[in-house]
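The structure appears right after this line, and notes come after that.
What follows draws every value from the coordinates through simple rules; no lab data is involved. All values reported here derive from a predicted model rather than from experimental measurement. Backbone-built Cβ (ideal geometry, glycine too); neighbour counts: all protein chains shown.
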Amino acid sequence: MYTCKRLGYPRVALGFSPRFFSSQRSKGKTIVVDNPYTGAVHCEVPLSPLSESLKLLTSCSNAQKQYWNETQKSLESRQAMVKKYIKGLKELEKEFATEITESMGKPLRQSLGEVNTMLQRAEAVLEMSTSALADEVLVPMPNINRTIRKEPVGTVFVIAPWNYPLLCSINSIIPALLAGNSILFKMSSRTPRIADLFAKAAQKSDFPKNLITPIHCDHEVTTA
């Protein structure tokens, strides 16, 4: 889905084989991802057909309803859950970095740097949420108190690219969770297992099950 084989990046500048841009491919009902350094198969991930994808969407939507029912009266409770989730992300630091390097070729030191920046960004968004999601009290009218309250849209479908898989993902995931939404999460077919790691971190939090649901599907299902 995300291929750039015609761009002609110089091999020395990027530090990995030109086959990086063409070896990731779909094979039947799976995504096959090669290791750009070795050319060997890094992983093979099953694709979900439309019927299964709709079931994932339903479970993710149900998790959001539970999440909002439990936390709608308290931004502080959502912030506490997200803070614990960020801690879970940090515990997977080495797994995230290794997966990035082996699936899309970024040097390990840079992959670790991306993990660190992701965590800093998540903490910054968490801090900003107190003011960003606070109720806005308007000038009262006779016998009427007026307030603007932010409420979730429901389930947010996050589709993230491969080049900065953590930074591009966290920009959507943390704000959506703080606002009370659930996440149906599709990563680029170059880095599909990153989505699974984000979901794995959620298991270490107090979120309802399936609040962050990874999905692996083709373009046709994505646009359905």
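Structural remarks
- Based on C-alpha pairs under 8 angstrom that are at least 6 apart in sequence, the chain has a relative contact order of 26 percent.
- Against the main long axis of the alpha-carbon atoms of the chain, helix 165-178 sits at an angle near 20°.
- Förster-model FRET efficiency, 41 Å R0, LYS83 and ILE144, C-beta, rounded to 0.05: 0.65
- Helical content of the chain, expressed as a calculated mean residue ellipticity at 222 nm, amounts to -15500 deg cm²/dmol (DSSP H runs of 4 or more residues, -39,500 (n - 2.57) each, divided by residue number, nearest 500).
- Approximate spin-label separation GLU91-GLU151, in nm, with each point projected 7 Å along Cα-to-Cβ: 3.5
- Long-range amide H partners of SER182 with built H, under 5 Å: GLY154, THR155, VAL156
- When the chain is described by a simple charge dipole with +1 on each Lys and Arg Cβ and -1 on each Asp and Glu Cβ, the residue from ILE86, HIS42, ALA176 located farthest towards its positive end is HIS42.
- Given charges at beta-carbon only (K, R positive; D, E negative), |dipole| of region 43-191 in Debye: 200
- Spatial separation of Cα centroids for region 163-219 and region 27-104, in angstrom: 4
- For region 49-222, with +1 on Lys and Arg beta carbons and -1 on Asp and Glu, the positive-most of SER103, SER59, THR222 along the dipole: SER59
- Given their separation in residues at 0.36 nm each and the Cα-Cα distance between them, THR58 and VAL137 gain 25.0 nm when the chain is fully extended.
- The H on the amide N of CYS43, modeled in the peptide plane, is under 5 Å from the matching H of VAL33, each at least 5 residues off or on a different chain.
- Put simply, the C-alpha atoms of the chain give a gyration tensor, and the ellipsoid matching it has half-axes of 36, 20, 15 Å, longest first.
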